[in-house]
Amino acid sequence: MQKLFDTLILIVAAVGISAGVWVGANLLFDQVHKNWVRFSALISFVGGFVVLLLLQGNRLLQSNGPSSDSITNFGELIWTPVLGGLIVAALAVLVARTEEALTRLIVGVGSGLIVGVAIGLRLVEEARPEIEAGWLIGWTVVVGAIGAGLGVLRGRGWTTGLLWGAAIGWLLGAFAMPDLGSGSVTEAVLGAAVPGLLLGLRVGRGKNTDRLGRGRLDTRSRATIFVAPALAFVAIALVAPTMLTLWLSLKDRDSEFFVGIDNYRSVFTDVNSFDIGAWSAIFTSRLFIVGIILLVLALVVGFARRLQSGSGFEAGGPAFAPLILSSVLIAFAVFSVLRGTILNNVWWVFTVTVFSTGLGLAIAVLADRAKFESAAKSIIFMPMAISLVGASVIWRFMYLARDTSKPQTGLLNALWVGLGRLSTGSGIPTTVGTVVLWLALLGTLAATARSLVRRRWDHVALPAIATVFLGWIAFRYIGWLGEGIGGFREGADGAIKPDTVFFVQDTPFNNVWLMVILIWIQTGFAMVILSAAIKAVPTELLEAARVDGATESQVFWRVTIPQITTTIGVVVTTLIVLVMKVYDIVKVVTNGNFGTQVLANDMFQQAFTNQNRGVGAALAAILFFSVLPVMVLNIRRMQRDS
Amino acid sequence: MTAALPPSSQGRGGLDSVIYGALRKIPTTVLWIIVMTWSLPTVGILVNSFRRRDDQRGEGWWRVFGDEGGLTLENYRAVFDAKSTNSLNESLLNSFAIAIPATVVPIAIAAFAAYAFAWIDFKGRKWLFIGTVSLLAIPLQVALIPLLKLYVGGAHLTLPLFDKTITLFPDLGLVNTTTAVWLTHTGFALPFAIFLLHNYISDLPSDLFEAARIDGADHFTIFWRLVLPLSVPVLAAFAIFQFLWTWNDFLIANTMAGTNPDAIPTTIRIANLAGDFGRNEHLLPAAAFVQAFFPLMVFFGLQRYFVRGILAGSVKG
């Protein structure tokens, strides 16, 4: 109950203070038109308050300053700024009420002096400078000249700029250059009073701002009030930390010494992040061989078609499906052999992008014009609402593997072990399985033959591939190409025992099972966007193609797809950026163990567990530079769109 | 593609038409097989969340009808039991303490900025706007660790030329609090929020603003009385996206408050529950559902806005 109450207070305070400060600032600048004197008082109070708060916060002012390292006592911190702000406000009212030029000059200079002297007197002993005249005069002249120059450049005259510049230069010369802590009170007063005098002179010289000036002030201050909170947040949360990370990536593990690109070099030479030593195993892997056979087939078919009709490799043609499939197989063969954090990330990006986009497109097409279209799409899209942590938990239960003496409670292992039992057993269930498999095989065979007989070359590839795949399964099932199929193993005595797949632990394909989780989530995203794009293709275009005698698949590949290429590009780029940063799934399911490490997780482990800030920052920088080109593309597209 | 076959094949009798009829149903069948497969993991865990511990461990969820104990709410009771160490109560409150400010504050700040970038004429606004939007390119991982250090010890600038150190940002003891988490969310959300709201606000008809100015309204009034009410659709879309993003976030919360059990949101709580796998395995399904409850409510209740928000938010860095 207490916690609930605290939470409510926290929320109200967070939202209330943010709103209060902002509305307050607006009300403050409303006074520009309504009551100039009041505005002067308020703005001077704020100015004085902020300056004194900064001084106090840096422990430069005497007395009730905070004693500990962290500023915890709010009362101690706030007293001097409030009091000082009130004094500044009072002086500002005096200046603002004075119209006569000479009096105004005197009042202005006097006020500035008073404030400067007061600050100088209150400076703590450690902050009193040992002033060196040379530095003091040098900085004052140089910065004053810069100020005057800027004033002239902006066409505002040189005096104002000169006064500001001289004040800043004097401050730098008096406090920034010499040793602090060895000077006297007089020197501290001298250092603080002159800038006060100069700024007082600046205020006293000018007239009270006229109507036009007030209008300009209003516009400019409103712009600041509206934009400043956002810019401040963004600068603190994004700009400064990013630059710091890039800088730290060039320093050693404790951020002490500059080491150049050593961190990057160590990332790319570490076998954990980049291991291509076993490359020759690629060529003997089954995936690769099947992939190459398919690729050769696709090329033969493609070139044959090109000789015949002039185009061989167009999307949706007979060479298209084998080409895509073979590249996926070859990619998987390569990625399962070449290991390491960086290559894992590339594997993630490749797999999730290809499958989410492909499946999303397929579902969008299948659902288009189907009954209960929106219900089907809702179910596919629903995982988008679930957190990645939640999704990881959900899939953990799918991937459970238990001791084979007990029933499997993970669905996938239950199916796998069941299939193993079925194919190695005997009796009616096994026979039923055989019959079903062979019927399916006959079906795909018939579909292939039908397309061949009707010379519908575009429709040959998919059934043919399915036939080969099903045939392999069917033959194994009846024990012709090795013993059975599914989750089992043969004991030394020849006895058949059930066996499970450790989806999460078995390297390297556990990576793919983790990717499945993200594919499960992101397919819905791809589907919704692509579905909207498909529905936006003009019907006249489709009708025209149909009237010209195009088949539905030709309409799809030659009309719809070219119409939605931009959208596919959007989906692909968005997914690439998103997948590149994958973190939660790996963190929750394996925490990078079993060869599933990815950049984002590695970065946190390096920075926190290994306490190596340099390498952690370098990994972050690698992540940054790898998403940068895609993001730049994305942002440019978004700006074009809007 | 329900009409995947050429029209010429229609209207024949006999076996051929039976085969065509069967082939014609394939796309719909495939679609529903995919849909079923897609929902299986969620269905499985939903069923398991209502089963007793021993039933869960004994047989898979698809054997739920053979359970001896029948269905039970025990797991949900355990998850909401304030006295239990497995309770989600506190982390649910933390999730709200993070998600609500992290939704409201960026909307407000971004709306101000978007309005200024669109309708207040000030120097350098084009470049400031482009600069802000290009920050979308920064993956938040890059900024997280320095930001954490800011919360831990404040920010101090050492002037190399002068050899003096200035405190720019004091140590406010923010680390390991929900405040640190939502402040971080706010900062990271802004470039995208500004971009999204600016698109919308700059498209509002300019006659409206001229008329208001002639009537003597200042920027504050125009913003408050005109722009905010007119921007409700885009604000709602962003709010939904941002709420889901912050509610479901693990990365930022884990970095900023992960080590303080009093400040962690539900996502981390569940990840920790999953961490001691085995002991609390039977509570995970219920916990996961409680965590997903609010997002799913938003999903089913405000689906139109939800889709718009997700689509708009998908480009966020």
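The values are calculated or read from the model by the stated rules, or taken from the named source; none is laboratory data. Computed from a predicted model, the values in this text were never measured in an experiment. No Cβ is skipped: glycine too gets one built from the backbone with ideal geometry, and neighbour counts run over all protein chains shown. Just so you know, the surface numbers come from the protein's heavy atoms only, side chains and all, with ligands and any DNA or RNA stripped out. Shrake-Rupley method; radii C 1.70, N 1.55, O 1.52, S 1.80 Å.
Accessible area per residue was computed with a 1.4 Å probe on protein heavy atoms; A:Phe594 scores about 90 Å². Could you tell me whether region A:270-387 comes out rounded, prolate or oblate from its Cα gyration tensor? Rule is a ≥ b ≥ c as square roots of the eigenvalues, rounded for a/c under 1.5, then prolate if a/b exceeds b/c, otherwise oblate. Oblate.
Excluding ligands, DNA and RNA, the accessible surface per residue across the protein assembly as shown is 47 Å² with a 1.4 Å probe. When A:Ser326, A:Ser285, A:Ser374 are compared by accessible area at a 1.4 angstrom probe, the order from most to least is A:Ser374, A:Ser285, A:Ser326.
Taking θ as phi - 60° and the Karplus parameters 6.51, -1.76 and 1.60, the scalar couplings of region B:44-61 work out to x, 6, 5, 4, 4, 5, 9, 9, 5, 3, 5, 5, 4, 7, x, 9, x, 5 Hz in sequence order, x denoting glycine and proline. Pairing chains A and B buries close to 10000 square angstrom of accessible surface in total, based on protein heavy atoms and a 1.4 angstrom probe. Roughly how far apart, in whole Å, are the Cα centres of region B:104-136 and region A:188-231? Here the two parts' Cα centres lie 24 Å apart.
Local charge for A:Ala600 was computed over the other residues whose Cβ lies under 15 Å away, with Lys and Arg +1 and Asp and Glu -1, and equals -1.
For region A:447-555, applying the loop criterion from DSSP together with a ceiling of 14 other beta carbons within 10 Å to the GluC sites (Glu not before Pro) yields A:Glu483.
Just to confirm the filter: which chymotrypsin sites (Phe, Trp or Tyr not before Pro) across region A:408-496 are DSSP coil and have at most 14 other Cβ within 10 angstrom of their Cβ?
Details: sites: A:Trp416, A:Trp438, A:Trp457, A:Phe469, A:Trp472, A:Phe475, A:Tyr477, A:Trp480, A:Phe488; in loops: A:Trp480.
Passing sites in region A:408-496 are A:Trp480.
Between B:Ala236, B:Ala211, B:Ala22, the Gaussian network model of chain B with springs among Cα atoms under 10 angstrom shows the greatest mean-square fluctuation at B:Ala22.
A:Gly614: net charge of surrounding residues, Cβ under 11 Å, Lys/Arg +1, Asp/Glu -1, itself excluded? Present the calculation step by step, with values, prior to reporting the outcome.
Numbers: positive: A:Lys251, A:Arg253, A:Arg613; negative: A:Asp252, A:Asp254, A:Glu256, A:Asp262.
Around A:Gly614, the charge tally is -1.
Let me know the mean shielding of B:39-47 by other chains, meaning the per-residue number of their Cβ atoms within 10 Å of its Cβ. Intermediate values should be presented prior to the final figure.
Values: counts 4, 4, 15, 8, 1, 7, 7, 1, 0.
Per residue, the number of nearby Cβ atoms from other chains is 5 on average.
Could you tell me whether region A:128-193 comes out rounded, prolate or oblate from its Cα gyration tensor? Rule is a ≥ b ≥ c as square roots of the eigenvalues, rounded for a/c under 1.5, then prolate if a/b exceeds b/c, otherwise oblate. Prolate is the answer for region A:128-193, as a/c is 1.5 or above and a/b outweighs b/c.
Separation of region A:319-375 from region B:169-190 is 38 Å, based on Cα centroids. Counted without the sites themselves, the longest stretch of chain B free of trypsin sites (Lys or Arg not before Pro) in a DSSP loop having at most 14 other beta carbon atoms within 10 Å is B:124-278. Angle of helix A:286-309 to the longest C-alpha principal axis of chain A, folded into 0 to 90 degrees and rounded to 10: 80°.
Of B:Phe80, B:Phe241, B:Phe169, the residue with the greatest mean-square motion in the GNM of chain B, using alpha carbon springs below 10 Å, is B:Phe169. Comparing B:Pro146, B:Pro101, B:Pro295 in a Gaussian network model of chain B, where Cα atoms under 10 Å apart are tied by springs, the biggest mean-square fluctuation is seen for B:Pro146. Measuring with a 1.4 angstrom probe and ignoring ligands and nucleic acids, B:Asp207 comes out at about 110 Å² accessible. Electrostatic bookkeeping for A:Gly215 treats Lys and Arg as +1 and Asp and Glu as -1; over the other residues with beta carbon under 13 Å from its beta carbon, the sum is +2. Centroid-to-centroid, using Cα positions, region A:127-153 and region A:457-476 are 83 Å apart. Is chain B best put as rounded, prolate or oblate by its Cα gyration tensor, with a ≥ b ≥ c the root eigenvalues, rounded for a/c under 1.5, and otherwise prolate when a/b is larger than b/c, oblate when not? The shape class here is oblate.
Sorted from greatest to least, the principal axis extents spanned by the alpha carbons of chain A come out as 110, 66, 55 Å.
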